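**Q** Can you keep this structure in mind? I'll have questions shortly.
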Amino acid sequence: MKKMSIAERLGTVSYVNQGKSEAKPHILVDTDICNHTCPHKATTYVCPANCYTIDEAGKVHFQFEDCIECGTCMYACDQNAVTWHYPDPESGRGVKWNFG
Ligand code: SF4
Ligand code: SF4
């Protein structure tokens with residue numbers, strides 16, 4: 001079997017309620033902290049799904065839709081900016097693991 005890249009592996013992830021526009025975020029990020037007091041912006045380096053990004057102006061943005069629930073940002077943020085809950089499959093998204 002061909003070895004898959006990280007990007008290819010991420011492409012195999014599917015979600016409960018995929019396409020449901022009113023899905024509630026399971027992670028809330030206080031981007032005021034990111035943009036005003038965070039000295040390292042660690043989550044923009046460690047999130048495997050690229051949910052945390054920095055724009056050309058140096059501002060941090062967060063989107064939960066591609067999250068694969070790895071939990072890394074919960075530990076990487078030492079600035080109390082991240083509030084993390086497992087998604088409610090009814091109202092949130094929630095990863096559907098295709099390969100176990
Ligand atoms: S480490 Fe925390 S405060 Fe810093 S950018 Fe990431 S989420 Fe924001
Ligand atoms: S839980 Fe993992 S994939 Fe989801 S936003 Fe945090 S670091 Fe990214």
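What follows is calculated from the coordinates using simple rules that are stated; it is not laboratory data. Here the structure is a predicted model, which is why all the values come from computation and not from measurement. Using ideal geometry, Cβ is built from the backbone for each residue, glycine included, and neighbour counts are taken over all protein chains shown.
**Q** From the Cα trace of the chain, what convex hull volume per residue do you get, rounded to a whole Å³?
**A** Dividing the Cα hull volume of the chain by its residue count gives 122 Å³.
**Q** Here is a follow-up. Sort Glu56, Glu8 so that the residue with the fewest other Cβ atoms within 10 Å of its own Cβ comes first and the one with the most comes last.
**A** Numbers: Glu56 5, Glu8 10.
Ordered by Cβ neighbours within 10 Å, fewest first: Glu56, Glu8.
**Q** How much length, in nm to one decimal, is gained on full extension between Asp30 and Ile68, taken as 0.36 nm per residue of separation minus their Cα-Cα distance?
**A** 11.7 nm
**Q** Okay, next question. Once the Cβ-Cβ distance between Lys41 and Val16 is put in as r, and R0 is 35 Å, what FRET efficiency do you end up with, to the nearest 0.05?
**A** With a Förster radius of 35 Å, E is 0.70.
**Q** Let me ask something else about it. Of the cross-linked pairs Lys3/Lys24; Lys2/Lys96; Lys3/Lys59; Lys24/Lys59, which ones have a Cα-Cα span greater than 25 Å in the structure shown?
**A** Violating the 25 Å Cα-Cα cut-off are Lys3/Lys24; Lys3/Lys59.
**Q** At R0 = 25 Å, how high is the FRET efficiency between Glu56 and Ala7 if r is their beta carbon distance? Nearest 0.05 is fine.
**A** So, using R0 = 25 Å, E works out to roughly 0.65.
**Q** With the dipole of the range 25-85 worked out from charges on the C-beta (+1 for Lys and Arg, -1 for Asp and Glu) around the Cα centre, which of Cys34, His61, Asn50 lies farthest toward the positive end?
**A** The one lying farthest along the dipole's positive direction is Cys34.
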